[in-house]
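The values are calculated or read from the model by the stated rules, or taken from the named source; none is laboratory data. A quick note: this is a predicted structure, and the numbers were derived from the prediction, not measured. Glycine also receives a Cβ, built like all others from the backbone with ideal geometry; neighbour counts cover every protein chain displayed.
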Amino acid sequence: MTNPLLQASALPFFDLIKTEHVEPAIDQILQDNRQTIEQLTALDNISWDTLARPMEELENRLNDAWSAVSHLNAVVNDEALRDAYNNCLAKLTAYSTEVGQNKALCEAYKTIAKSDEFKTLDQQSRKSVENILRAFHLSGVDLDDDKKARYSELSNRLSELTSKFAENVLDATQGWFRHITDEKDLSGLPESAIAGARQAAEQKELDGFVITLDFPSYFPVMTYCDNRELRQEVYEAFLTRASDQGPNAGKWDNGPLIKEIMSLRYEQANILGFDSYADRSLAKKMASSTTEVLDFLNELAEKSKPVAENEVAELQAFAQAHGADQLKGGALQSWDLAYFGEKLRQNRYAISQEELRPYFPAHKVIEGMFGCVKRLFNIDIEVSDVASLWHPDVTYYVIKRDGAEIASFYLDLYARSNKRGGAWMADCRVRRKDANNKTIKPVAFLTCNFTPPVGDKPALLTHDEVTTLFHEFGHGLHHMLTKMDVYEVSGINGVAWDAVELPSQFLENWCWQPEALALISSHHETGEPLPKTLLDKMLAAKNFQAGMQMMRQLEFSLFDFRLHAEYSDSNPVDVADVLQDVRDKVAVLKPPAFTRFQNSFSHIFAGGYAAGYYSYKWAEVLAADAFSKFEEKGVFDQKTGQGFLQAILEQGGSREPMELFVEFRGREPSVEPLLHQTGII
């Protein structure tokens with residue numbers, strides 16, 4: 001039978017893919033690609049059609065196969081698939097480095113860039129060639145043979161280390177649970193969380209209840225559980241995952257991996273002529289220098305810290321006044337913050353996430369979200385049964401405009417065993433024109449980890465989860481509504497990393513607009529709309545502890561950026577020391593010494609955010625400013641919606657993000673709308 005990963009298809013054959021298909025398919029594609037590249041670089045007539053288009057076909061074929069494999073590894077992980085994935089990852093890393101250092105291929109692209117033809121190409125084609133030439137430089141194409149060899153070794157080892165980091169976090173998350181037999185120990189937890197704990201126990205064939213470190217289990221305990229000792233135990237287990245501390249101390253420890261990752265990243269950046277890994281990271285970003293990034297973060301911190309300090313003082317006073325029995329005269333601890341924060345929120349606004357949950361059944365939120373983007377971008381979204389799926393919880397949708405299908409996506413909403421935590425969007429198929437000039441429609445993977453349905457009740461989302469769903473769908477729209485036909489700049493491809501969060505954070509704004517809330521909410525039993533009293537309370541509480549939240553994100557951003565900017569061979573800074581120094585400067589609440597937050601900071605040690613976590617705040621400034629135009633014109637103003645679609649979503653990475661922002665907003669971005677939006681000013 002033909003290997004399903006090698007079959008050209010609009011969609012992956014998830015029902016046919018088996019673990020034993022993975023390595024042979026990737027091996028075959030890499031072999032074919034190498035042979036074709038050798039033939040292409042030997043051509044006499046180098047042009048867009050003879051080189052760039054065939055290379056795009058090669059890259060796309062590999063992406064089509066690997067996107068399915070990497071997605072399965074994230075959502076239905078097991079030992080055999082993990083082994084196959086890691087074996088292929090090593091081969092793909094070696095291949096990527098080999099292509100990036102192929103001098104003949106680089107010279108061929110330079111031939112296109114210097115040709116008269118280049119001036120006649122459209123903007124997206126020219127930008128793709130410029131991006132490719134920059135990528136050659138950043139892959140070490142200009143290095144001598146010894147340095148190329150070392151660069152390749154570093155790439156391979158870093159690939160292994162970052163993959164192992166993610167595996168350790170997953171294993172550590174799943175390697176701890178707390179079995180509880182007396183429901184009194186769960187006093188304060190909402191019924192939805194108790195039902196989830198009961199269901200988790202049943203899945204482990206245990207009586208009573210089970211608390212895990214999966215976020216839908218961890219978060220309610222920290223927020224609502226009256227049992228302070230249990231909160232402390234769960235907090236310690238969560239904040240010491242994959243470290244030398246806590247209940248699984250030394251098991252799955254990411255500490256040694258972090259040290260090696262930092263050393264190798266610096267060496268790789270240094271080989272390319274950069275002073276730090278942060279400098280190398282900025283070569284492909286919107287921000288122009290380390291100074292600009294640090295000034296940006298410090299400015300936000302300076303403006304936000306007084307607000308955050310006032311919020312902490314309020315919280316401490318409230319806890320002492322209302323939690324004397326729990327605190328027993330002692331100080332407020334890290335495992336008390338979410339608990340007393342929620343009590344203060346309810347005291348001040350008489351509203352909680354749990355009170356809102358019945359009004360956000362998942363099916364209503366999804367239907368309403370589709371209604372919002374229909375009004376903004378003139379698209380229709382429908383369920384389709386044409387795709388094979390990897391789990392019964394997954395739904396496949398198609399996007400249509402004027403009756404014609406333009407894109408599609410898979411939605412996988414709920415947390416489960418062997419599924420990576422968090423939420424993300426990934427590409428399954430990239431929009432482009434194929435060798436026959438046929439438009440290939442984009443396809444996305446949208447993945448979350450929400451609390452699943454329990455018993456005969458539908459999945460009920462917290463408003464925070466609603467916001468997460470809108471965030472990931474914003475990424476999905478960026479990928480799926482593109483009009484670019486060149487792979488390198490289609491959708492999110494080629495978009496500067498510190499601008500790629502703009503559409504996602506932008507779309508979150510509709511979760512707070514009364515006109516949109518009318519579409520995405522109704523009581524799961526009565527169908528009653530969100531009452532005005534609850535809506536008013538929710539909007540009043542929108543910026544509750546916004547200063548503390550801002551400072552927490554700035555702490556993460558400064559830690560990441562300073563670590564990668566300051567680390568060098570002559571100054572191999574200690575990760576814990578940098579984190580402590582950042583906290584000394586910006587943290588308004590310091591966690592206990594035993595915590596090892598950095599050991600599960602997958603964004604920077606296993607994802608694409610190294611020296612780039614600041615991108616969330618950078619893009620939040622762009623998003624708040626972009627949304628302020630809708631506040632001026634109307635949140636469902638069609639002309640403004642079409643303007644955002646045409647300037648930001650459709651153009652992908654074909655132009656510099658500042659150009660696109662100015663095209664939409666009419667000026668460069670300002671930090672003021674974000675500070676106003678969050679209530680800090």
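Points worth noting:
- Selection from segment 45-78 of residues that are surrounded by fewer than 18 Cβ atoms within 10 Å (Cβ to Cβ), hydroxyl-bearing (S, T, Y) and either farther than 19 Å from R34 by Cα or in contact with a Cys (Cβ under 8 Å, 6 or more places away or on another chain) (or both): S47, S70
- Set side by side, the residues S276, S263, S243, S288 differ, and just one is farther than 30 Å from A459 by Cα, without any contact (Cβ under 8 Å) to a residue 12 or more places away in the chain and under 27 Å from the mean Cα position of the chain (by Cα), which is S288.
- Scanning segment 272-312 for residues that are of a type in the set (K, R) and in a loop (DSSP other than H, G, I, E, B), we see that the one that is surrounded by the most Cβ atoms within 10 Å (Cβ to Cβ) is K285.
- Some residue of segment 596-605 being outside any helix (DSSP H, G or I), closer than 30 Å to S263 by Cα and not small (G, A, S): yes
- Residue tally, condition free of Cβ contacts under 8 Å to residues at least 60 places away in the same chain and under 19 Å from Y410 (Cα atoms), over segment 9-32: 2
- For segment 119-166, filtered to residues that are free of Cβ contacts under 8 Å to residues at least 24 places away in the same chain and assigned to a helix (DSSP H, G or I), the residue that is nearest to V495 (Cα to Cα) is E130.
- Checking each residue in segment 529-558 for being over 21 Å from Y349 (Cβ atoms) and free of Cβ contacts under 8 Å to residues at least 40 places away in the same chain picks out only E555.
Residues are listed down the side, and each one gets a yes or a no for (1) touching a residue at least 40 places away in the same chain (Cβ under 8 Å); (2) more than 24 Å from E299 (Cβ to Cβ):
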{"residue": "F594", "(1), (2)": "yes, yes"}
{"residue": "F605", "(1), (2)": "yes, yes"}
{"residue": "G608", "(1), (2)": "yes, yes"}
{"residue": "E631", "(1), (2)": "no, no"}
{"residue": "G634", "(1), (2)": "no, yes"}
{"residue": "D637", "(1), (2)": "no, yes"}
{"residue": "G643", "(1), (2)": "no, yes"}
{"residue": "L649", "(1), (2)": "yes, yes"}
{"residue": "P657", "(1), (2)": "yes, no"}
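- Single residue of segment 213-248 satisfying the filter (among the aliphatic types (A, V, I, L, M) and outside any helix (DSSP H, G or I)) that is surrounded by the most Cβ atoms within 10 Å (Cβ to Cβ): A242
- Any hit, segment 96-116, residues being under 24 Å from R157 (Cα atoms), under 31 Å from the mean Cα position of the chain (by Cα), at pLDDT 95 or above and not in a helix (DSSP H, G or I): yes
- Taken over segment 335-357, the criterion of being of a type in the set (S, T, Y) and at pLDDT 95 or above is satisfied by Y339 alone.
- When residues of segment 176-206 are limited to those that are part of a helix (DSSP H, G or I) and of a type in the set (D, E, K, R), the one farthest from Q326 (Cα to Cα): E202
- Helices (runs of 4 or more DSSP H) wholly inside segment 487-568 containing at least 3 residues that are outside the structural domain of T290 (by TED's automatic domain parsing), in contact with a helix residue (DSSP H, G or I) (Cβ under 6 Å, 6 or more places away or on another chain) and surrounded by fewer than 19 Cβ atoms within 10 Å (Cβ to Cβ): none
- Flag if N86 is touching a residue at least 40 places away in the same chain (Cβ under 8 Å), more than 18 Å from E160 (Cα to Cα) and assigned to a helix (DSSP H, G or I): no
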